[in-house]
1. Roughly how tilted is helix 16-29, in degrees to the nearest 10 and between 0 and 90, from the longest Cα axis of the chain?
2. Please work out the FRET efficiency for the pair Lys129 and Cys78, using the Cβ-Cβ distance as r and a Förster radius of 22 Å; give the result to the nearest 0.05.
3. Arrange Ile101, Ile59 by Cβ neighbour counts within 10 Å, fewest through most, would you?
4. Charges only on Cβ, +1 for Lys and Arg, -1 for Asp and Glu: so what's the dipole of the chain about the Cα centre, in debye to the nearest 20?
5. For the Cα atoms of the chain, what angle does the longest principal axis make with the long axis of helix 111-128, in degrees from 0 to 90, nearest 10?
6. Going through the range 32-65, which chymotrypsin sites (Phe, Trp or Tyr not before Pro) have at most 12 other Cβ atoms within 10 Å and a DSSP loop state?
7. Normalised by the number of residues in the chain, what is the relative contact order in percent for Cα pairs under 8 Å and 6+ residues apart?
8. Please report the net charge: other residues with Cβ closer than 15 Å to the Cβ of Gly48, K and R +1, D and E -1.
Amino acid sequence: MEIEDFTYIVETEKSFDEAVVSVLKAVESQGWTLFNVYDIKERLAAKGFKQEPLKIIEICSGKYANNFLNKNRLVSLCMPCKINVFEENRKVKIAGMKPTIMSEFFKEIRKDEAEEVENAIKEIINNSK
């Protein structure tokens, strides 16, 4: 398995902070719920570690979450969905896990259902770049 099999990544010309704001706006415009934003660089700095900028943005669509949880409660291990904004080699990138990978672990979830969620995540990411 390759990283591209379960991760969707785009590069943006926006600054790190602009990209984060752009993701937050795209999440809202798609009608998804924002759960939390974790500033990993800041949290690790508090422990004495140095990291490049990384924010993990947790989001959820009640419609998809309810459907998947009704099929298998352990799907909650993959929830909520996350979109990461990070810097790598002086480039700002936006990434998310491809939900279709869940259909390989949870047989109750049809691939076409997971593709619908994946398309929504990709749209949020693409609208953010």
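Every number here is computed from the coordinates shown, using simple stated rules; none is lab data. Since the model is a prediction, treat every value here as computed from it, not as a measurement. All Cβ positions, glycine included, derive from the backbone under ideal geometry; neighbour counts span all protein chains shown.
1. Long axis of 16-29 versus the principal axis of the chain: about 30 degrees.
2. 0.40
3. Ile101, Ile59
4. For the chain, the charge dipole is close to 380 debye.
5. Helix 111-128 sits roughly 20 degrees off the main axis of the chain.
6. Working: sites: Trp32, Phe35, Tyr38, Phe49, Tyr64; in loops: Trp32, Phe49.
Here the sparse-neighbourhood loop sites are Phe49.
7. This gives 34 percent for the chain.
8. The answer is +3.
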